[in-house]
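Note sheet for the following structure.
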Amino acid sequence: MSLDDHAEELASSLGVDKTEVKGKLENLEQYGVPIDEAKETVRRNYSDSESTGGGEIATKSVADVSTADSRVDTTATVLSVGKRSIQYNGDQQVIFEGEVADQSGKISYTSWEDFDLQPGETVHLGNADVREWEGHPELNLGDSTSVERVEDDLDIEYEVGGDARLATLEPGDRGVNVEVQVLDVEEKQINGRDGETEILSGVLGDETGRLPFTDWEPRSELSAGTSVRIEDVFIREFRGVPSVNVSEFSTVEALETPVEVADSGTQYQIGDAIETGGMFDLEVTGNVVAVRDGSGLIERCPDCGRVIQSGQCRSHGAVDGEDDLRVKAILDDGTGTVTAILDEEITAEVYGGDLDDAREHAREEMDREVVADSIRDSIVGREFRVRGTLTVDDYGANLEATEFTTHSEDAKTRASRLLTEVEA
């Protein structure tokens, strides 16, 4: 069923104008809301309107706005203003987005009109639509919304302007400013909405942590080793972790004073790390309790890079595999377990030999499994500190390691720490 059909069906059941319903569905669809959920949201909005006397709009504090609301009036201070271009109904649409706050809390907004909002000003928003975004209410400002400047300042506890540290960023943040050091950057070619597109991809760092970034309008200022202030970025989730997105409307300014970057990742117990749902550049410490199958000297498909079995790739069938080294080590610290995945370089360090050495070892023993067995003997039962990027999905928790080192804690200190954890 097409969107037009869904709109007609819903409008007919509600007894309202189809064009208006279709517009609301398109708005929700643009943000990736499933059609059934979008229809229920629109249905609820119309029902709310009928129950409040045919369109009477409630005046609410920010904290009282809920996903059950259709439209609200509220007075708030503008915390941040971002600008972004999106694809909407086949055309490019510039939207404005950020957060507003009052004494009770803060809420994100998306504005489809240019109301010339400025951080720090207090505004009364009249007839603001409310929609659900990632389980939370969000204000939608459109052509039916009125924006009135208010002279009185509100007593809010939030910082105005959008400045943030990397460790505080979450998917969905918009209109954010960061001061960072570019740690790594490379040019990439992708198939974008306008065909073949060149982007920059890499890693940013500050004193609180590191995050991946994408620059959709490649800028020469974003070169490795430079410290910059980037204004008006938005945060998306990429492979389970927040990712900084630099858009065509973002500005990049070089900083005279270098930004300090944390030497280590954020330290977590494994159980707590898994609860976050994913994190970039963290550290955990635990015992390797097993090395999983598919470790050691493996073969990958030359087309997609997947590990193959008996010369068969799940996507490309029979292929001539390419040798590689990998370890999938199960790490346990008593609070949870995670699979630490070591790439060829780290695996070679653990194994004590490179890919050629592993091939020779396998030929001598006429068994490729001897490489994995050798690795098991060297790491199982020992404690390691692992740094990397954590992803959590239905198949479990995986930590793509960038560092894998023997934990240097002495036996006495370790025993005291374990006893403290047990007593707690």
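Derivation of every value follows stated rules applied to the coordinates shown; laboratory data play no part. Worth saying up front: this structure is predicted, and the values here are computed from it rather than measured. Cβ atoms come from the backbone with ideal geometry, glycine included; neighbour counts cover every protein chain shown.
Per-residue ellipticity at 222 nm from helix content only, as computed over the chain with -39500 (n - 2.57) for each DSSP H run of at least four residues, stands at -6500 deg cm²/dmol. Spatial offset of the stretch 100-114 relative to the stretch 262-330 amounts to 41 Å, using the alpha carbon center of each. Counted by neighbouring Cβ atoms within 10 Å, the residues E403, E99 run from fewest to most as E403, E99.
With respect to the chain, whose longest principal axis is taken over its alpha-carbon atoms, helix 3-14 is tilted by about 50°. Extension gain, E322-E403: 0.36 nm per intervening residue step, less the Cα-Cα distance, totals 26.7 nm. Ranking of Y88, Y395, Y351 by neighbouring Cβ atoms within 10 Å, starting from the fewest: Y395, Y88, Y351. Out of the stretch 294-373, which trypsin sites (Lys or Arg not before Pro) are coil in DSSP terms and have no more than 16 other C-beta atoms within 10 Å? Within the stretch 294-373, the qualifying trypsin sites (Lys or Arg not before Pro) (loop, at most 16 other Cβ atoms within 10 Å) are R306, R314. Calculated FRET efficiency, V370 to E349, Cβ-Cβ distance, R0 = 22 Å: about 0.75 to the nearest 0.05. Scan the stretch 220-299 for trypsin sites (Lys or Arg not before Pro) in coil per DSSP, keeping those whose Cβ has at most 15 other Cβ atoms within 10 Å, and list them by number. Those that pass, being in a loop and sparsely packed, are R239, R292. Qualifying GluC sites (Glu not before Pro) in the stretch 253-325, where qualification requires a DSSP coil assignment and no more than 12 other C-beta atoms within 10 Å, comprise E256, E260. With R₀ fixed at 45 Å, the C-beta to C-beta distance from Y395 to V94 puts the FRET efficiency at about 0.70.
Placing a label point 7 Å from the Cα of E26 along the Cα-to-Cβ line, the residues of the stretch 135-154 whose backbone N sits under 17 Å from it are 141-144. For helix 18-30, what angle does its Cα long axis make with the longest principal axis of the chain, in degrees from 0 to 90 and rounded to 10? Taking the Cα atoms of the chain, the angle to 18-30 is about 30 degrees. For the stretch 308-361, the gyration tensor built on C-alpha atoms gives an oblate shape. Its axis ratio a/c (a ≥ b ≥ c) is at least 1.5, and a/b is not larger than b/c.
With angles folded into 0 to 90 degrees, how steeply does helix 411-423 sit against the dominant principal axis of the chain? Use alpha carbons for both and round to 10. With rounding to tens, the tilt is 40 degrees.
Distance between the modelled labels on E56 and R359, one decimal in nanometres: 8.0 nm (7 Å Cα→Cβ projection).
Close Lys pairs in the chain (alpha-carbon distance under 14 Å; sequence gap of 8 or more, or different chains): 4.
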